[in-house]
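The values are calculated or read from the model by the stated rules, or taken from the named source; none is laboratory data. Since the model is a prediction, treat every value here as computed from it, not as a measurement. Please note: Cβ atoms are built from the backbone with ideal geometry, for glycine as well, and neighbour counts cover all protein chains shown.
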Amino acid sequence: MSTRRLVVALACLGVASVATGERPERAPGLGLPASNEDVARVFWSIFPDGENLPPGSGTAAEGGILFQLHCQACHGPEGAGSPADRLVGGQGTLGTEEPVKTIGSYWPYATTVFNYIRRAMPYTAPMSLSNDEYYALTAYLLKINEIIPSNQIIDAETLPKVVMPNEEGFVISYPARPARYDYRKDQ
Amino acid sequence: MSRKTRTGDPILDALPVAGNGLLDRRALLKLATMGSVAGLAAGRARTAFADPVGADQPEWLLAPGLPTEEYGQPSHFELERVRRQVVLRPSGGQTIPVLSFTPHDLLHGTHTPSGLHFEINHHGIPDIDPKRHALVIHGMVERPLKLDLERLDRYPTVTHDYFVECAGNSFSLWDDEPLKATLARTHGLLSGSEWTGVPLAVLLDEAGVQPGAKWIVAEGADSGSLSRSVPIEKALDDSLIALYQNGERIRPGQGYPMRFFNPGFEGNTNVKWVRSLRVTDRPAMTRFETSRYTDLMPDGKALQFTLEMEVKSVITRPSNSMKLKEPGYYEIAGLAWTGAGRIRRVEVSADTGRTWGDALLQEPVLPKMTTRFRMPWRWDGGPAILQSRATDETGRVQPTRQALIAARGRAPRQGRYHFNGIHSWGVLPGGEIRHVYA
């Protein structure tokens, strides 16, 4: 049975709801109500407009010390890379034969940096720092890419306002089918 | 080539359909309908046995075998049939295998054994206790829901065969020189399985999606909380919360106990160990949909959310791990797939793409699943370039490598995604098989 037909079949079990527009319990109705605490525990995503950013703040100066402590072993001094990803430079290379993709040259949103490192870094001890420390590290990464000055405070207010150099560099391709290659000429 | 006298043997009688020995695929159908009558007669020859009667028999007939196992394993004669691994060394000499490639050169069928399904685990495999794991559906819904494995298991389930392909499968084919390595390394980030789970549409119906909802942001319970945004049309169409793979619980490396499964979409949208689905009106722009898994084009702009995997095929036999020992009959076989639906046609060439013949597609041809194709071939002992070219039901044809590179540019060093060009095997006069560009 296709998914759609299954949904239709299930909807028929709650016919009254379809007719009246009410939202009574649907079959099978086994989901438990999720509390705000349930949601907060699993929902870490932060959106470009700042939705879901936590309280706290930090500066690049604080972040530089944290970077040496927690990040430099993999990402190199000042994010120069090796063995893990290079984090700085590369601006102006995306249209060349050797594009260098870094936070500064490629990432379109500053919130993505905070979102990612807060959930995934340091690699061997993710989620082990405080919100203040993750804000400070984010500030440091933006500063070494010359996107913000070293004294700027980064918090839930200021982070979404940071404009990344490559913010205009992406074309959302959905719902169109992928257009990497023109198939029409082969048909 | 002149028509030969009919011998009654489907292969000997088969007519060429394209250059360099390719034969009409209908020979395979005729073979399949032939009985084994001829074979039975051969076993009757008298043999002078010594005493005891089994003296000329192999030892496995002469004593009871091993007891059964709780979980069966492949023959120990097949120990090399394992995934090819790539390890990273982040720091301090610690090695972390993060890529496992399916060895398609050693497999034959349409489904990949669960233990050989490719894996990429960006932050390792979490060891999840299902009693302490739940999926929370929240955001733009009337009733935020929490579902653990026990509850999910009571929902109506569906079973479908689907491929999973990493967006980075065949990344080495962007390189200027053909990789001198196995088929696993060039096409092993693709696998096909039977997946069983709860249609996400059923769960979203229970939660009550609010008007204006357009995306679902999924997060996994791995140590990087891998996260992707997927359009809600997909979720309402054929997405699953998958609980079983090939009939058994999804294995830890595939997302145990539950996986957000999006048929035909690029591999990492199938978020393993899923624990959070946020219904929203916009994508979250996570790392894996911005800095990774985006397609940088020659003009410096990047295409984002190019989610559907494209029409593609590859010959799996003969391939690098085989050597053609003598001229004569061989079966060319391979896999074809497309995220757009069904494979309509696969053509094979043995003469560098000058002529093509239609391959036989193994029925049933299922949407968003690997399809096995076969082509009878008589090798004359000379050089040959073997290629396959797939067409899907939307009419898209697998492009040549040259055409793809002309459109997309040379390989950027990072992020070499969505290579679906035609792959070439070179058959050397001695029968060795090499990956070549042709």
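So that you can scan it fast, the table gives a plain yes or no per residue for (1) surrounded by 11 or more Cβ atoms within 10 Å (Cβ to Cβ); (2) at pLDDT 90 or above; (3) not aromatic (F, W, Y):
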{"position": "B:D51", "(1), (2), (3)": "no, no, yes"}
{"position": "B:G54", "(1), (2), (3)": "yes, no, yes"}
{"position": "B:A63", "(1), (2), (3)": "no, yes, yes"}
{"position": "B:R84", "(1), (2), (3)": "yes, no, yes"}
{"position": "B:H111", "(1), (2), (3)": "yes, yes, yes"}
{"position": "B:E119", "(1), (2), (3)": "yes, yes, yes"}
{"position": "B:P126", "(1), (2), (3)": "yes, yes, yes"}
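Yes or no: B:P283 more than 7 Å from chain A (Cβ to nearest Cβ) and under 28 Å from B:H104 (Cβ atoms)? So B:P283 does not fit the description; no.
If you go through region A:78-112 and keep only what is under 18 Å from A:T138 (Cα atoms) and either at the interface with chain B (Cβ under 8 Å from one of its Cβ atoms) or charged (D, E, K, R) (or both), you end up with A:E78, A:A84, A:D85, A:R86, A:K101, A:I103, A:Y106, A:W107, A:P108, A:Y109, A:T111, A:T112.
Output yes when any residue across region B:250-265 is more than 9 Å from every other protein chain (Cβ to nearest Cβ), free of Cβ contacts under 8 Å to residues at least 40 places away in the same chain, surrounded by fewer than 21 Cβ atoms within 10 Å (Cβ to Cβ) and over 30 Å from B:S424 (Cα atoms), and no when none is. Taking every residue of region B:250-265 in turn, none turns out to be more than 9 Å from every other protein chain (Cβ to nearest Cβ), free of Cβ contacts under 8 Å to residues at least 40 places away in the same chain, surrounded by fewer than 21 Cβ atoms within 10 Å (Cβ to Cβ) and over 30 Å from B:S424 (Cα atoms).
Per the conditions (1) in a loop (DSSP other than H, G, I, E, B); (2) of a type in the set (A, V, I, L, M); (3) at pLDDT 95 or above, the sole criterion not satisfied by A:A84 is (3).
Residues are listed down the side, and each one gets a yes or a no for (1) in contact with a strand residue (DSSP E or B) (Cβ under 7 Å, 6 or more places away or on another chain); (2) in contact (Cβ under 8 Å) with a residue 60 or more places away in the chain; (3) not in a helix (DSSP H, G or I):
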site: A:T93; (1), (2), (3): no, no, yes
site: A:T96; (1), (2), (3): no, no, yes
site: A:T102; (1), (2), (3): no, no, yes
site: A:N115; (1), (2), (3): no, yes, no
site: A:Y135; (1), (2), (3): yes, yes, no
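Of everything listed in (1) of a type in the set (D, E, K, R); (2) more than 7 Å from every other protein chain (Cβ to nearest Cβ); (3) outside any loop (DSSP other than H, G, I, E, B), the single unmet condition for A:R119 is (2).
Return yes when B:W337 is within 14 Å of chain A (Cβ to nearest Cβ) and either touching a residue at least 12 places away in the same chain (Cβ under 8 Å) or farther than 30 Å from A:R86 by Cα (or both) and no when it is not.
no
Please enumerate the residues belonging to region A:140-187 that are in a helix (DSSP H, G or I), among the charged types (D, E, K, R) and more than 8 Å from chain B (Cβ to nearest Cβ).
Scanning region A:140-187 gives A:K143, A:K161, A:E167, A:E168, A:R184, A:K185.
Looking at region B:107-214, the helices (runs of 4 or more DSSP H) lying wholly inside it that each contain 3 or more residues that are more than 14 Å from every other protein chain (Cβ to nearest Cβ) and either under 18 Å from the mean Cα position of the chain (by Cα) or in contact (Cβ under 8 Å) with a residue 60 or more places away in the chain (or both) sit at B:183-187. Condition (residue is farther than 19 Å from B:L99 by Cα and either of a type in the set (S, T, Y) or crowded, with 24+ Cβ neighbours inside 10 Å (or both)) applied to region B:185-192: is it met by at least one residue? No. When A:P77, A:P99, A:P108 are checked against the criterion of being farther than 19 Å from A:P160 by Cα and buried (at least 20 other Cβ atoms within 10 Å of the Cβ), a single residue qualifies: A:P99. Exactly one residue out of B:T286, B:T316, B:T290 is hydroxyl-bearing (S, T, Y) and either within 21 Å of B:P399 (Cα to Cα) or surrounded by fewer than 20 Cβ atoms within 10 Å (Cβ to Cβ) (or both): that is B:T316. For region B:293-311, a residue qualifies if it is surrounded by fewer than 22 Cβ atoms within 10 Å (Cβ to Cβ) and either farther than 23 Å from B:E165 by Cβ or without any contact (Cβ under 8 Å) to a residue 12 or more places away in the chain (or both), and the qualifying residues are B:P298, B:D299, B:G300, B:K301, B:L303.
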